[in-house]
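Undergrad: Handing you this structure, nothing more for now.
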Amino acid sequence: MTISKDEQTRLYRYYTEPKIATDLTRRTLALVLAGGEGSRLMDLTAWRAKPAVPIGGKYRIIDFTLSNCVNSGIRRIGVLTQYKSHSLIRHLQRAWGFMRAEIGEFVEILPAQQRTDKKEWYQGTADALFQNIDIMQRHHPEYVLVLGGDHVYTMDYSEMLLYHVQTGADFTVGSIEVPASEASAFGVMTVDEDMNITGFTEKPANPDSIPGKPGTTLVSMGIYIFSKDFLYKTLIADAGNPHSAHDFGKNIIPDSIANARAMAFPFRNTEGLPAYWRDVGTLFSYWQTNMELCAVEPELNLYDRDWPIWTYQPQYPPAKFILDDEGRRGEAIDSLIAGGCILSGARVKRSVLFFAATVENYSLIKDSVILPKVSIGSHCRINRAIIDKGCVIEDGTIIGEDPVEDAKRFHVTKEGITLVVPAMLGQNLYARLQNDYDG
(Lines give C-alpha, C1' and ligand atoms only; values in the text may rest on other atoms or scores of the structure.)
Protein backbone atom coordinates (compact mmCIF):
# COMPACT_ATOMS: atom_id res chain seq x y z
CA MET A 1 0.00 0.00 0.00
CA THR A 2 1.38 3.40 -1.01
CA ILE A 3 0.98 6.24 1.47
CA SER A 4 0.56 9.71 0.00
CA LYS A 5 2.98 12.49 0.89
CA ASP A 6 0.20 14.36 2.75
CA GLU A 7 -0.55 11.25 4.79
CA GLN A 8 3.14 10.79 5.55
CA THR A 9 3.29 14.38 6.81
CA ARG A 10 0.18 13.86 8.93
CA LEU A 11 1.58 10.69 10.50
CA TYR A 12 4.92 12.33 11.13
CA ARG A 13 3.27 15.21 12.96
CA TYR A 14 1.03 12.84 14.91
CA TYR A 15 3.96 10.88 16.28
CA THR A 16 6.45 13.71 16.77
CA GLU A 17 4.65 16.96 17.65
CA PRO A 18 3.38 15.83 21.08
CA LYS A 19 6.93 14.75 21.97
CA ILE A 20 8.36 18.02 20.66
CA ALA A 21 5.74 20.03 22.57
CA THR A 22 6.55 18.14 25.79
CA ASP A 23 10.24 18.89 25.38
CA LEU A 24 9.49 22.55 24.70
CA THR A 25 7.27 22.97 27.76
CA ARG A 26 10.03 21.58 29.96
CA ARG A 27 12.36 24.26 28.64
CA THR A 28 9.83 27.04 29.21
CA LEU A 29 9.45 29.39 32.18
CA ALA A 30 6.04 31.02 32.63
CA LEU A 31 5.81 34.43 34.28
CA VAL A 32 2.36 35.61 35.32
CA LEU A 33 1.87 39.37 35.68
CA ALA A 34 -0.45 39.62 38.70
CA GLY A 35 0.33 43.00 40.19
CA GLY A 36 -2.40 45.03 38.51
CA GLU A 37 -4.66 47.34 40.50
CA GLY A 38 -7.81 46.63 38.51
CA SER A 39 -9.22 50.09 39.26
CA ARG A 40 -12.12 49.68 36.78
CA LEU A 41 -13.52 46.99 39.08
CA MET A 42 -14.06 49.82 41.56
CA ASP A 43 -14.59 48.73 45.19
CA LEU A 44 -14.26 45.07 44.23
CA THR A 45 -10.48 45.62 44.23
CA ALA A 46 -10.39 47.96 47.23
CA TRP A 47 -8.57 45.37 49.35
CA ARG A 48 -7.52 42.69 46.84
CA ALA A 49 -5.57 42.57 43.58
CA LYS A 50 -7.58 41.97 40.43
CA PRO A 51 -6.23 38.42 39.85
CA ALA A 52 -7.47 37.50 43.35
CA VAL A 53 -11.08 38.52 42.67
CA PRO A 54 -13.41 35.50 43.11
CA ILE A 55 -15.19 34.24 40.00
CA GLY A 56 -17.36 31.31 38.91
CA GLY A 57 -18.57 30.28 42.36
CA LYS A 58 -15.31 28.84 43.73
CA TYR A 59 -12.31 30.17 41.80
CA ARG A 60 -10.06 33.23 41.69
CA ILE A 61 -9.40 34.85 38.30
CA ILE A 62 -5.73 33.82 38.35
CA ASP A 63 -6.69 30.14 38.67
CA PHE A 64 -7.55 30.04 34.96
CA THR A 65 -4.09 31.18 33.85
CA LEU A 66 -2.29 28.90 36.30
CA SER A 67 -4.48 25.92 35.38
CA ASN A 68 -3.71 26.54 31.71
CA CYS A 69 0.00 26.37 32.54
CA VAL A 70 -0.26 23.13 34.50
CA ASN A 71 -2.60 21.48 32.00
CA SER A 72 -0.27 22.52 29.15
CA GLY A 73 2.68 20.82 30.84
CA ILE A 74 4.35 24.08 31.89
CA ARG A 75 5.16 23.66 35.57
CA ARG A 76 7.87 26.23 36.19
CA ILE A 77 5.84 29.32 37.01
CA GLY A 78 6.62 32.68 38.61
CA VAL A 79 3.83 35.00 39.75
CA LEU A 80 4.77 38.67 39.92
CA THR A 81 2.74 40.50 42.57
CA GLN A 82 2.54 44.10 43.72
CA TYR A 83 -0.79 45.82 44.43
CA LYS A 84 -2.61 44.72 47.63
CA SER A 85 -1.23 41.23 47.22
CA HIS A 86 -1.98 39.66 50.62
CA SER A 87 -5.20 37.91 49.54
CA LEU A 88 -3.55 36.77 46.30
CA ILE A 89 -0.41 35.42 47.98
CA ARG A 90 -2.46 33.59 50.59
CA HIS A 91 -4.52 31.98 47.83
CA LEU A 92 -1.40 30.95 45.88
CA GLN A 93 0.08 29.35 48.97
CA ARG A 94 -3.08 27.36 49.66
CA ALA A 95 -4.14 26.46 46.14
CA TRP A 96 -0.86 25.98 44.34
CA GLY A 97 1.41 24.39 46.93
CA PHE A 98 1.03 20.93 45.37
CA MET A 99 3.84 21.44 42.86
CA ARG A 100 6.88 19.21 43.45
CA ALA A 101 10.10 21.21 43.71
CA GLU A 102 12.24 18.08 43.77
CA ILE A 103 11.30 17.34 40.14
CA GLY A 104 11.60 20.96 39.00
CA GLU A 105 7.99 22.08 39.42
CA PHE A 106 7.06 25.28 41.22
CA VAL A 107 4.74 28.23 41.51
CA GLU A 108 7.08 30.90 42.84
CA ILE A 109 5.83 34.22 44.18
CA LEU A 110 7.90 37.20 42.97
CA PRO A 111 6.74 40.30 44.87
CA ALA A 112 8.05 43.76 44.01
CA GLN A 113 11.25 44.08 46.03
CA GLN A 114 13.01 47.18 44.63
CA ARG A 115 15.69 44.89 43.26
CA THR A 116 17.46 47.45 41.02
CA ASP A 117 19.74 50.35 41.87
CA LYS A 118 16.81 52.77 41.44
CA LYS A 119 14.99 51.14 44.39
CA GLU A 120 11.65 51.40 42.59
CA TRP A 121 8.52 49.25 42.59
CA TYR A 122 7.53 47.69 39.26
CA GLN A 123 7.15 50.58 36.83
CA GLY A 124 5.47 48.58 34.06
CA THR A 125 5.06 45.05 32.73
CA ALA A 126 8.50 44.99 31.09
CA ASP A 127 10.15 46.51 34.15
CA ALA A 128 8.60 43.77 36.29
CA LEU A 129 10.47 41.18 34.23
CA PHE A 130 13.67 43.25 34.12
CA GLN A 131 13.73 43.49 37.91
CA ASN A 132 13.66 39.68 38.02
CA ILE A 133 16.04 39.02 35.13
CA ASP A 134 18.54 37.28 37.38
CA ILE A 135 15.82 34.93 38.63
CA MET A 136 14.83 34.13 35.04
CA GLN A 137 18.42 33.37 34.12
CA ARG A 138 18.84 31.14 37.16
CA HIS A 139 16.18 28.79 35.76
CA HIS A 140 17.94 28.60 32.33
CA PRO A 141 14.80 28.63 30.15
CA GLU A 142 14.99 28.52 26.37
CA TYR A 143 11.61 30.24 26.14
CA VAL A 144 9.77 32.63 28.44
CA LEU A 145 5.97 32.66 28.40
CA VAL A 146 4.56 35.95 29.71
CA LEU A 147 0.93 35.87 30.83
CA GLY A 148 -1.66 38.12 32.42
CA GLY A 149 -3.27 36.86 35.60
CA ASP A 150 -6.58 38.60 35.03
CA HIS A 151 -8.26 36.89 32.07
CA VAL A 152 -10.77 34.02 31.96
CA TYR A 153 -10.19 31.35 29.29
CA THR A 154 -8.80 27.86 28.73
CA MET A 155 -5.85 27.51 26.36
CA ASP A 156 -3.18 24.93 25.62
CA TYR A 157 -0.01 27.03 25.64
CA SER A 158 2.03 24.15 24.17
CA GLU A 159 0.32 24.73 20.80
CA MET A 160 1.41 28.37 20.80
CA LEU A 161 4.90 27.35 21.91
CA LEU A 162 5.20 24.87 19.06
CA TYR A 163 3.99 27.57 16.64
CA HIS A 164 6.62 29.97 18.02
CA VAL A 165 9.43 27.49 17.40
CA GLN A 166 8.22 26.30 13.99
CA THR A 167 7.94 29.87 12.67
CA GLY A 168 11.40 30.81 13.99
CA ALA A 169 9.96 33.82 15.82
CA ASP A 170 11.86 36.04 18.24
CA PHE A 171 8.54 36.66 19.93
CA THR A 172 4.96 35.54 19.41
CA VAL A 173 1.82 37.33 20.55
CA GLY A 174 -1.32 35.41 21.46
CA SER A 175 -4.19 37.05 19.63
CA ILE A 176 -7.90 36.79 19.12
CA GLU A 177 -10.24 38.09 16.44
CA VAL A 178 -12.83 40.69 17.44
CA PRO A 179 -15.12 43.01 15.46
CA ALA A 180 -13.33 46.23 14.53
CA SER A 181 -16.02 48.18 16.42
CA GLU A 182 -14.83 46.58 19.69
CA ALA A 183 -11.08 46.66 19.09
CA SER A 184 -10.30 50.16 20.33
CA ALA A 185 -10.15 48.88 23.92
CA PHE A 186 -7.21 46.57 23.12
CA GLY A 187 -3.75 46.46 21.66
CA VAL A 188 -4.33 45.93 17.94
CA MET A 189 -1.98 44.11 15.56
CA THR A 190 -1.50 44.71 11.87
CA VAL A 191 -0.51 41.44 10.18
CA ASP A 192 0.18 40.11 6.70
CA GLU A 193 -1.27 36.95 5.16
CA ASP A 194 1.26 34.76 7.00
CA MET A 195 0.51 36.29 10.43
CA ASN A 196 3.77 38.25 10.56
CA ILE A 197 3.17 41.29 12.77
CA THR A 198 3.87 44.48 10.85
CA GLY A 199 2.36 46.96 13.30
CA PHE A 200 1.07 47.19 16.86
CA THR A 201 -1.03 50.02 18.27
CA GLU A 202 -2.52 50.42 21.74
CA LYS A 203 -6.24 51.26 21.65
CA PRO A 204 -6.38 52.83 18.16
CA ALA A 205 -9.40 54.84 17.06
CA ASN A 206 -9.38 53.19 13.62
CA PRO A 207 -7.97 49.66 13.94
CA ASP A 208 -6.65 47.77 10.91
CA SER A 209 -8.54 44.72 9.67
CA ILE A 210 -7.12 41.25 9.12
CA PRO A 211 -6.17 40.63 5.46
CA GLY A 212 -9.16 39.05 3.73
CA LYS A 213 -11.45 39.73 6.71
CA PRO A 214 -12.76 43.29 6.48
CA GLY A 215 -14.35 44.51 9.69
CA THR A 216 -12.43 41.97 11.80
CA THR A 217 -9.41 42.94 13.85
CA LEU A 218 -6.67 40.96 15.57
CA VAL A 219 -6.09 42.07 19.17
CA SER A 220 -3.51 41.06 21.75
CA MET A 221 -4.54 38.71 24.56
CA GLY A 222 -1.60 39.86 26.69
CA ILE A 223 0.14 36.52 26.06
CA TYR A 224 3.72 36.58 24.79
CA ILE A 225 6.36 33.96 24.10
CA PHE A 226 9.96 35.16 23.85
CA SER A 227 13.11 33.34 22.91
CA LYS A 228 15.39 33.94 25.89
CA ASP A 229 18.32 35.75 24.22
CA PHE A 230 16.01 38.19 22.46
CA LEU A 231 14.08 38.85 25.67
CA TYR A 232 17.12 39.51 27.84
CA LYS A 233 18.66 41.86 25.27
CA THR A 234 15.39 43.74 24.79
CA LEU A 235 14.66 44.13 28.52
CA ILE A 236 18.14 45.50 29.21
CA ALA A 237 17.87 47.98 26.34
CA ASP A 238 14.41 49.10 27.46
CA ALA A 239 15.54 49.56 31.06
CA GLY A 240 18.21 51.98 29.87
CA ASN A 241 15.74 54.09 27.88
CA PRO A 242 14.57 57.03 30.06
CA HIS A 243 11.72 57.80 27.63
CA SER A 244 10.16 54.33 27.86
CA ALA A 245 7.10 53.46 29.92
CA HIS A 246 8.68 50.00 30.32
CA ASP A 247 5.51 48.28 29.12
CA PHE A 248 5.13 45.40 26.66
CA GLY A 249 2.13 46.82 24.83
CA LYS A 250 3.37 50.40 24.70
CA ASN A 251 7.09 49.86 24.12
CA ILE A 252 8.57 46.36 23.83
CA ILE A 253 6.21 44.95 21.17
CA PRO A 254 5.80 47.98 18.86
CA ASP A 255 9.49 49.00 19.13
CA SER A 256 10.75 45.49 18.30
CA ILE A 257 8.68 44.70 15.22
CA ALA A 258 11.04 46.31 12.70
CA ASN A 259 14.13 44.44 13.89
CA ALA A 260 12.73 41.06 14.93
CA ARG A 261 10.64 38.21 13.62
CA ALA A 262 7.30 38.88 15.26
CA MET A 263 4.42 36.45 14.83
CA ALA A 264 0.76 36.52 15.82
CA PHE A 265 -0.78 33.28 17.10
CA PRO A 266 -4.55 33.27 16.50
CA PHE A 267 -6.43 31.65 19.39
CA ARG A 268 -9.16 29.47 17.88
CA ASN A 269 -11.37 26.61 19.01
CA THR A 270 -11.63 23.18 17.37
CA GLU A 271 -14.04 24.60 14.77
CA GLY A 272 -11.50 27.22 13.72
CA LEU A 273 -13.52 30.07 15.25
CA PRO A 274 -12.29 32.59 17.83
CA ALA A 275 -12.12 30.75 21.16
CA TYR A 276 -13.60 31.90 24.47
CA TRP A 277 -11.52 34.63 26.14
CA ARG A 278 -12.74 37.32 28.50
CA ASP A 279 -10.96 40.34 29.89
CA VAL A 280 -12.87 40.90 33.13
CA GLY A 281 -11.60 44.44 33.46
CA THR A 282 -14.88 46.18 34.25
CA LEU A 283 -17.74 45.47 36.63
CA PHE A 284 -20.04 44.76 33.69
CA SER A 285 -17.63 42.31 32.03
CA TYR A 286 -17.07 40.62 35.40
CA TRP A 287 -20.83 40.27 35.94
CA GLN A 288 -21.36 39.13 32.34
CA THR A 289 -18.64 36.46 32.55
CA ASN A 290 -20.24 34.98 35.66
CA MET A 291 -23.64 35.01 33.97
CA GLU A 292 -22.23 33.21 30.91
CA LEU A 293 -21.12 30.37 33.19
CA CYS A 294 -24.76 29.89 34.22
CA ALA A 295 -25.84 29.08 30.66
CA VAL A 296 -27.21 25.62 29.88
CA GLU A 297 -24.22 24.97 27.61
CA PRO A 298 -21.63 27.63 28.49
CA GLU A 299 -18.88 28.30 25.97
CA LEU A 300 -16.35 27.90 28.78
CA ASN A 301 -16.84 24.40 30.17
CA LEU A 302 -15.93 24.16 33.86
CA TYR A 303 -16.89 20.48 33.79
CA ASP A 304 -14.22 19.38 31.29
CA ARG A 305 -12.36 16.57 33.08
CA ASP A 306 -9.54 16.79 30.55
CA TRP A 307 -8.89 20.44 31.43
CA PRO A 308 -9.67 20.96 35.13
CA ILE A 309 -9.52 24.40 36.74
CA TRP A 310 -7.53 24.00 39.94
CA THR A 311 -8.15 26.07 43.05
CA TYR A 312 -8.20 26.05 46.83
CA GLN A 313 -11.49 24.73 48.22
CA PRO A 314 -12.53 25.58 51.79
CA GLN A 315 -14.01 22.60 53.59
CA TYR A 316 -17.74 23.29 53.65
CA PRO A 317 -20.68 20.88 53.64
CA PRO A 318 -22.83 20.46 50.51
CA ALA A 319 -25.19 23.21 49.43
CA LYS A 320 -28.59 22.89 51.10
CA PHE A 321 -32.09 23.78 49.85
CA ILE A 322 -34.82 23.66 52.48
CA LEU A 323 -38.58 24.24 52.82
CA ASP A 324 -41.18 23.27 50.27
CA ASP A 325 -44.16 25.53 50.88
CA GLU A 326 -45.89 27.52 48.15
CA GLY A 327 -43.97 30.78 47.76
CA ARG A 328 -41.47 29.62 50.36
CA ARG A 329 -39.42 27.00 48.57
CA GLY A 330 -35.64 26.69 48.58
CA GLU A 331 -34.66 26.34 44.91
CA ALA A 332 -32.09 27.44 42.33
CA ILE A 333 -32.60 27.55 38.55
CA ASP A 334 -29.84 27.97 35.92
CA SER A 335 -27.42 28.87 38.71
CA LEU A 336 -24.07 27.89 40.22
CA ILE A 337 -24.32 27.18 43.96
CA ALA A 338 -21.11 26.47 45.90
CA GLY A 339 -20.61 24.37 49.02
CA GLY A 340 -21.86 25.61 52.36
CA CYS A 341 -24.70 27.65 50.83
CA ILE A 342 -28.16 27.43 52.40
CA LEU A 343 -31.29 28.51 50.53
CA SER A 344 -33.97 28.57 53.19
CA GLY A 345 -37.30 29.09 51.47
CA ALA A 346 -35.62 31.40 48.94
CA ARG A 347 -35.51 31.36 45.14
CA VAL A 348 -32.39 31.90 43.01
CA LYS A 349 -32.44 32.34 39.21
CA ARG A 350 -29.48 32.72 36.81
CA SER A 351 -27.06 33.60 39.60
CA VAL A 352 -23.72 32.55 41.07
CA LEU A 353 -23.51 31.96 44.82
CA PHE A 354 -20.05 31.46 46.27
CA PHE A 355 -19.37 29.28 49.29
CA ALA A 356 -21.16 29.78 52.62
CA ALA A 357 -23.72 32.27 51.29
CA THR A 358 -27.16 32.11 52.90
CA VAL A 359 -30.53 33.36 51.65
CA GLU A 360 -33.56 33.46 53.93
CA ASN A 361 -37.34 33.01 53.52
CA TYR A 362 -39.27 34.60 50.65
CA SER A 363 -36.20 36.26 49.12
CA LEU A 364 -35.59 36.30 45.35
CA ILE A 365 -32.13 36.55 43.77
CA LYS A 366 -31.95 37.05 39.99
CA ASP A 367 -29.05 37.58 37.57
CA SER A 368 -26.64 38.30 40.43
CA VAL A 369 -23.18 37.39 41.69
CA ILE A 370 -23.10 36.69 45.44
CA LEU A 371 -19.55 36.39 46.76
CA PRO A 372 -18.46 34.21 49.72
CA LYS A 373 -20.11 34.42 53.12
CA VAL A 374 -22.86 36.85 52.21
CA SER A 375 -25.97 36.72 54.42
CA ILE A 376 -29.21 37.77 52.71
CA GLY A 377 -32.23 38.18 54.98
CA SER A 378 -35.88 37.40 54.34
CA HIS A 379 -38.23 39.21 51.93
CA CYS A 380 -35.30 40.60 49.91
CA ARG A 381 -35.28 41.15 46.14
CA ILE A 382 -31.89 41.40 44.46
CA ASN A 383 -31.55 41.76 40.69
CA ARG A 384 -28.48 42.31 38.45
CA ALA A 385 -26.18 42.90 41.39
CA ILE A 386 -22.71 42.01 42.63
CA ILE A 387 -22.63 41.55 46.40
CA ASP A 388 -19.09 41.47 47.78
CA LYS A 389 -17.75 39.02 50.35
CA GLY A 390 -19.08 39.20 53.89
CA CYS A 391 -21.99 41.59 53.28
CA VAL A 392 -25.01 41.25 55.55
CA ILE A 393 -28.18 42.23 53.65
CA GLU A 394 -30.97 43.10 56.05
CA ASP A 395 -34.55 41.79 55.81
CA GLY A 396 -36.69 43.49 53.19
CA THR A 397 -33.79 45.00 51.21
CA ILE A 398 -34.47 45.69 47.52
CA ILE A 399 -31.49 46.09 45.15
CA GLY A 400 -31.52 46.43 41.39
CA GLU A 401 -35.03 47.72 40.77
CA ASP A 402 -34.54 51.47 41.23
CA PRO A 403 -31.11 52.61 39.96
CA VAL A 404 -31.60 56.17 41.24
CA GLU A 405 -32.31 54.97 44.75
CA ASP A 406 -29.52 52.37 44.56
CA ALA A 407 -27.00 55.01 43.49
CA LYS A 408 -27.53 56.86 46.78
CA ARG A 409 -25.92 53.96 48.68
CA PHE A 410 -24.16 51.74 46.16
CA HIS A 411 -22.23 51.91 42.90
CA VAL A 412 -24.40 51.49 39.79
CA THR A 413 -22.75 51.01 36.40
CA LYS A 414 -24.04 52.54 33.18
CA GLU A 415 -25.33 49.06 32.23
CA GLY A 416 -27.41 48.92 35.42
CA ILE A 417 -25.27 46.52 37.46
CA THR A 418 -25.25 47.37 41.19
CA LEU A 419 -22.12 46.73 43.25
CA VAL A 420 -22.53 46.37 47.02
CA VAL A 421 -19.54 46.07 49.36
CA PRO A 422 -19.52 45.98 53.19
CA ALA A 423 -18.32 49.57 53.54
CA MET A 424 -21.36 50.81 51.61
CA LEU A 425 -23.55 49.11 54.21
CA GLY A 426 -21.59 50.60 57.09
CA GLN A 427 -20.11 47.18 57.87
CA ASN A 428 -16.60 45.83 58.10
CA LEU A 429 -15.46 42.83 56.08
CA TYR A 430 -16.34 40.38 58.84
CA ALA A 431 -19.75 41.70 59.86
CA ARG A 432 -21.35 38.28 59.67
CA LEU A 433 -21.41 36.41 62.97
CA GLN A 434 -19.20 33.35 63.34
CA ASN A 435 -17.39 34.28 60.16
CA ASP A 436 -14.51 31.85 60.32
CA TYR A 437 -11.26 32.82 58.64
CA ASP A 438 -11.11 31.23 55.22
CA GLY A 439 -8.91 33.54 53.17
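Undergrad: Quick check: anything in region 62-72 farther than 28 Å from Ile236 by Cβ, open to solvent by less than 40 Å² (accessible area, probe 1.4 Å) and in contact with a His (Cβ under 8 Å, 6 or more places away or on another chain)?
TA: Yes.
Undergrad: Trp307 - would you say it is within 17 Å of the chain's Cα centre (by Cα) and part of a loop (DSSP other than H, G, I, E, B)?
TA: Yes: the conditions hold for Trp307.
Undergrad: Which residues, counting only those in region 357-371, are in contact with a Lys or Arg (Cβ under 8 Å, 6 or more places away or on another chain) and either closer than 17 Å to Leu283 by Cα or surrounded by fewer than 23 Cβ atoms within 10 Å (Cβ to Cβ) (or both)?
TA: Residues satisfying the conditions are Asn361, Tyr362, Leu364, Lys366, Asp367, Ser368, Leu371.
Undergrad: Scan region 293-313 and tell me whether some residue there is closer than 19 Å to Phe355 by Cβ and basic (Lys, Arg).
TA: no
Undergrad: So which residues in region 149-189 are closer than 19 Å to Thr25 by Cβ, open to solvent by 10 Å² or more (accessible area, probe 1.4 Å) and not polar (S, T, N, Q)?
TA: Result: Asp156, Glu159, Leu162, Tyr163, Val165, Gly168.
Undergrad: Now, a different point. Checking the condition touching a residue at least 40 places away in the same chain (Cβ under 8 Å) and either aliphatic (A, V, I, L, M) or out of contact with any Pro (no Cβ under 8 Å at 6 or more places or on another chain) (or both), which residue from Gly240, Gly199, Gly187 passes?
TA: Gly187
Results for (1) under 24 Å from Tyr276 (Cα atoms); (2) open to solvent by less than 40 Å² (accessible area, probe 1.4 Å); (3) without any contact (Cβ under 8 Å) to a residue 24 or more places away in the chain, shown as yes or no for each residue.
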{"position": "Arg48", "(1), (2), (3)": "no, yes, no"}
{"position": "Val53", "(1), (2), (3)": "yes, yes, no"}
{"position": "Lys58", "(1), (2), (3)": "yes, no, no"}
{"position": "Leu110", "(1), (2), (3)": "no, yes, no"}
{"position": "Leu129", "(1), (2), (3)": "no, yes, no"}
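Undergrad: Name the residue, out of Phe284, Phe265, that is closer than 30 Å to Ala95 by Cβ, open to solvent by 20 Å² or more (accessible area, probe 1.4 Å) and assigned to a strand (DSSP E or B).
TA: Phe265 is the lone residue from the list that is closer than 30 Å to Ala95 by Cβ, open to solvent by 20 Å² or more (accessible area, probe 1.4 Å) and assigned to a strand (DSSP E or B).
Undergrad: So which residues in region 91-148 are closer than 23 Å to His164 by Cα and in contact with a Cys (Cβ under 9 Å, 6 or more places away or on another chain)?
TA: Leu145, Leu147
Undergrad: Next question, about the same structure. Which ones in region 225-241 are part of a strand (DSSP E or B) and either open to solvent by 20 Å² or more (accessible area, probe 1.4 Å) or at positive phi (or both)?
TA: Of the residues in region 225-241, the ones part of a strand (DSSP E or B) are 225-227.
Ser227 - this is the single residue of region 225-241 that is part of a strand (DSSP E or B) and either open to solvent by 20 Å² or more (accessible area, probe 1.4 Å) or at positive phi (or both).
Undergrad: With of a type outside the set (A, V, I, L, M, F, W, C), within 20 Å of Val53 (Cβ to Cβ) and open to solvent by 20 Å² or more (accessible area, probe 1.4 Å) as the only criterion, which of Glu401, Glu415, Glu405, Glu394 stands out?
TA: Residue meeting the stated conditions: Glu415.
Undergrad: Something else about it: Which residues, counting only those in region 252-261, are closer than 21 Å to Leu33 by Cα and either over 23 Å from the mean Cα position of the chain (by Cα) or at pLDDT below 90 (or both)?
TA: Pro254, Asp255, Ser256
Undergrad: Only residues that are more than 19 Å from Gly124 (Cα to Cα) and more than 14 Å from the chain's Cα centre (by Cα): list them for region 26-44, please. Before you say what the answer is, go through the steps one by one.
TA: Narrowing region 26-44 to residues more than 19 Å from Gly124 (Cα to Cα): 26-29, 41-44.
The answer is Arg26, Arg27, Thr28, Leu29, Met42, Asp43, Leu44.
The values are calculated or read from the model by the stated rules, or taken from the named source; none is laboratory data. Just so you know, these numbers come straight off a predicted model, no measurement behind them. Every residue, glycine among them, receives a Cβ derived from its backbone with ideal geometry; neighbour counts consider all protein chains shown. Side chains are part of the model used for accessible areas, which takes the heavy atoms of the whole protein and leaves out ligands, DNA and RNA. Shrake-Rupley method; radii C 1.70, N 1.55, O 1.52, S 1.80 Å.
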